2 protein chains.
Amino acid sequence: MPASRLVATYRIRTDADSIDERARAIALEQSVEAPLAAIRDKTVLSDIVGEVRRIVDRGDAFEVEIALAAATIGGDAGQLLNMLFGNTSLHDDVTLAAIDLPEDLVAAFQGPSHGLNGLRRRVEAGARPLTASALKPQGLPPDALAALAHDLALGGLDFVKDDHGLANQAFSAFEARVPACAAALRAAQRVTGRPTRYVPSLSGDRAAMERQIALARGEGVDTFLIAPAIAGPSTLQALRRAHPDLAFLAHPTLTGARVAPDVYARLFRLFGADASIFPNYGGRFGYSEATCGEIADALRESWFDLKASAPVPAGGMSPKRVPEMLDFYGPDVILLIGGALLAEPRENLVAETSAFVRAVGALQHGAAHV
Amino acid sequence: MPASRLVATYRIRTDADSIDERARAIALEQSVEAPLAAIRDKTVLSDIVGEVRRIVDRGDAFEVEIALAAATIGGDAGQLLNMLFGNTSLHDDVTLAAIDLPEDLVAAFQGPSHGLNGLRRRVEAGARPLTASALKPQGLPPDALAALAHDLALGGLDFVKDDHGLANQAFSAFEARVPACAAALRAAQRVTGRPTRYVPSLSGDRAAMERQIALARGEGVDTFLIAPAIAGPSTLQALRRAHPDLAFLAHPTLTGARVAPDVYARLFRLFGADASIFPNYGGRFGYSEATCGEIADALRESWFDLKASAPVPAGGMSPKRVPEMLDFYGPDVILLIGGALLAEPRENLVAETSAFVRAVGALQHGAAHV
């Protein structure tokens, strides 16, 4: 039986004279990391050394497909990223453009425990789009963040998440912030009757995160924010495995290397993200509509047995963009509006949030036709 | 007392008309991540919001210095990277060019437990340059890797490290590979009398790494390879704190984003790397002499109370480059030659390794004058 292979597609900006050699060098770098002369074992030569499958001239760059042995991954998320792009990331003229993983490799991971529809059930949302906002700015003490959380939840949101800059700082330590915000959401829930979820941000290493999770569980929290490119992809993988009852939102911070955004989104889904945040087009970041469409596809399209992750377009969104975003993404989405709500006069926060939530609810049927 | 600030220098490729606005946007993005209108708290405005300190036109790009509050870091390695470059990494036209950290922030980390001179004492090397090689290719079974380790150690090296592609794969599981290689080095040591260190590669999340460390400790291993950009910088920080008797070599895989290589090297030292591998100029990667000099400076120069880390230039080096490398780096260096030794006919491996080790020993005094 031939060894199972994954296929990585690299874009290389080089000239036609050197592309063959560059492609062969990447095939070695991302597999045995040694000159071919140093490979004497026949099984290594046939089953482990990377294979150049295809080179396509795209005009501005060459696209090179390289088949890598699935056996080199050992079922570890970090090692998958290491084999896909680790040392090759050190070449400025190469990007990782696409990945195609075989079924046995995908099966070694678990994907989301809950996924988009599990998140919907959790907040009793039926089939409608979901809504979220973020607690910010960092620097506020726990009681101020809790007051914001309370009013955002009164507005009827599904998720109120920590900003990804909230870690375990002295001005708002996790052990003070999380009980305060969780209590604020319980109080709001008694008014609204809605099961709004508070989503605290995990930071530090796996052991620190386990302490944070244990504390937050005591407050009824079952959904967490994690930044896999900072925490390490293996940390997300381990948390998802250890806590199948919890849901995880992935944050894209530090993913802006030279890996295509939809590749990162696909990997985060593979490693267990139930939802994945990304910069929407026309916001603070320069992502195009095409890129955002590819990210949403990577999160939602059928992929062996994995559940769909929820796309969470964000980054400078405002309530007036709700109709356009639902047109673009359809109803299988979480709309995240942070700063634009918080920039409203403080006394209007509940009303503005509520208007955002109603707009999403009102438009859901129209959007479902897209 | 004014709040303690770190200064991040970004290079932005944009036009003169937009640079002021771009600089202000990054100052917000990397601190409060919200429009200024959403910031009502006076302390947050004065102590937390990022400040644009300086904008310099360098011709091909603008250099922008932004002062960020040290209080936002909370003493966590991952959060430091998050605040330095997290969301801004998503802008294709920005790189993180330099960092300047205040003493209180540096003191919140520990730096290397042993550093360059601790590594020298460990291998009884006096003041000479150190030598290392790598076990490869992945795909070989444990006994084949152990046989290579044995012969490399017979050649008199100071360190024999796992290739960074060796994780916990079925063909060479950590629990089989590490005892086999450690035993091979003990056998070689009985012949050479040298305390050559085996340096296994850690993979997975913190919990997996703790299991690997416990197993390897049982085999007398006290030095480990870790890839902080994949494991997560907080994982290195936590391991260094939990195991002050162990030494850690950092591997640069996946660092090739848009962070200057010497910034990563400095951060790895800060988080506890006793030595740091990087691609030498003139090898398989495109780093310049200037870049390599900056990396070596970041690892070795005086930096508050932190020990120096050992620079480990690598990536396609060969024994014939030893004189030139010792001229360039001086004696405070670990020379790592992997593939070039392994590409020699197998029966010559001990002799070639021994010649490499002798060349380093013979040249140490000359190099010390540089």
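With the contact rule set at Cα under 8 Å and sequence spacing of 6 or more, what percent relative contact order holds for chain A?
Working: 715 pairs, mean separation 63.2, N = 370.
After rounding, I find 17 percent.
By counting other Cβ atoms within 10 Å of each Cβ, how are A:CYS292, B:CYS181 ranked from fewest to most? Spell out each step's value before the answer.
Working: A:CYS292 23, B:CYS181 31.
Exposure proxy ranking, most exposed first: A:CYS292, B:CYS181.
Ignore the peptide's own chain and count Cβ atoms of other chains within 10 Å of each Cβ in B:204-214; give me the average, rounded.
Numbers: counts 12, 18, 12, 8, 7, 3, 2, 0, 0, 0, 0.
So the per-residue partner count for this stretch is 6.
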The FRET efficiency for A:GLU63 and B:ALA127, from their Cβ-Cβ distance with R0 = 41 Å and rounded to 0.05, is 0.25
Straight distance only, please: which lysines reach the Cα of B:LYS307 with their own Cα at less than 28 Å, same-chain residues fewer than 8 apart left out? B:LYS161
Computed from every Cα-Cα pair in region A:62-148, P(r) in 10 Å bins starting at 0 and rounded to whole percents is 12, 25, 21, 27, 14, 1
Over the Cα atoms of region A:184-307, compute the convex hull volume and normalise it per residue, giving Å³. 139
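Please average, across the residues of B:333-343, the number of beta carbons from any other chain that are within 10 Å of each residue's own beta carbon, and give a whole number.
Numbers: counts 0, 0, 0, 0, 0, 4, 9, 4, 1, 6, 7.
For peptide B:333-343, the averaged partner shielding equals 3.
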How far apart are the A:ARG241 label points across copies, placing each 7 Å from Cα toward Cβ, in nm, shortest first? 2.4
For B:THR43, label point 7 Å along C-beta direction: distances to other copies, nm: 6.2
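Given the DSSP H assignment, sum -39500 (n - 2.57) over each helix run of at least 4 residues in chain A and divide by its residue total; what's the result at 222 nm in deg cm²/dmol, nearest 500?
-12000 deg cm²/dmol
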Fewest-first ranking of B:LEU6, B:LEU341, using other Cβ atoms within 10 Å as the exposure measure: B:LEU6, B:LEU341
Compute from the Cα atoms of region A:111-248 the Rg and the Dmax, the latter being the longest Cα-Cα distance, and quote both in angstrom. 14.2, 40
What list of whole percents do you get for P(r) of the protein assembly as shown, with Cα-Cα distances grouped in 20 Å bins up to the one holding the largest distance? 18, 51, 27, 4
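Hey, got the average number of other protein chain Cβ atoms within 10 angstrom for residues in A:66-79?
Numbers: counts 0, 0, 0, 4, 1, 5, 8, 3, 12, 5, 8, 4, 14, 11.
Average per residue, whole number: 5.
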For a quick check: sort B:TYR329, A:TYR10 by the number of other beta carbons within 10 angstrom, fewest at the front. B:TYR329, A:TYR10
Excluding same-chain residues fewer than 8 positions from B:LYS320, which aspartates and glutamates have a Cα within less than 17 Å of its Cα? B:GLU344, B:GLU352
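Need one number: % antiparallel among DSSP beta bridges in the protein assembly as shown, to the nearest 5.
45
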Which distance in Å, rounded to a whole number, links the C-alpha centroids of region A:154-190 and region A:1-70? 47
Acute angle (nearest 10 degrees) that the helix B:349-368 long axis makes with the longest principal axis of chain B, alpha-carbon atoms: 50
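Hey, what's the Cα Rg ratio for region A:143-210 versus the globular rule of thumb, 2.2 N^0.38 Å? Write out the running numbers ahead of the final one.
Numbers: Rg = 12.1 Å, N = 68, 2.2 N^0.38 = 10.9 Å.
The reported ratio for this selection is 1.11.
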FRET efficiency estimate (nearest 0.05) - Cβ-Cβ, B:ALA183 to B:ARG24, R0 51 angstrom: 0.25
7 Å along Cα→Cβ, label-point gaps from A:LEU215 to other copies, nm, shortest first: 3.3
Long-range amide H partners of B:GLY74, meaning residues 5 or more apart or on another chain whose placed amide H is closer than 5 Å, are A:ALA170
Spatial separation of Cα centroids for region B:199-237 and region B:259-292, in angstrom: 20
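Compute the whole-percent fraction of alpha carbon pairs in region B:2-62 spaced more than 20 Å apart.
On the way: 570 of 1830 pairs.
Tail fraction, whole percent: 31.
If the viscosity is 0.890 mPa s and the temperature 25 °C, what Stokes-Einstein diffusion coefficient in µm²/s follows for region A:240-338 when Rh is the Kirkwood radius over Cα pairs? Before the final figure, lay out the partial values.
Values: Rh = 13.7 Å.
Translational diffusion coefficient: 179 µm²/s.
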Return the Cα extents of region B:115-368 along principal axes one, two and three, sorted largest first, each rounded to a whole Å. 41, 41, 31
Once both axes come from the Cα atoms, what is the angle between helix B:174-192 and the longest principal axis of chain B, in degrees from 0 to 90, rounded to 10? 60
Calculated over region A:5-108: convex hull of Cα atoms, volume per residue (Å³): 95
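The numbers here are math on the coordinates, done by the rules we state, and not lab data. A quick note: this is a predicted structure, and the numbers were derived from the prediction, not measured. For neighbour counting, all protein chains shown are included, and Cβ atoms are generated from backbone atoms with ideal geometry for every residue, glycine included.
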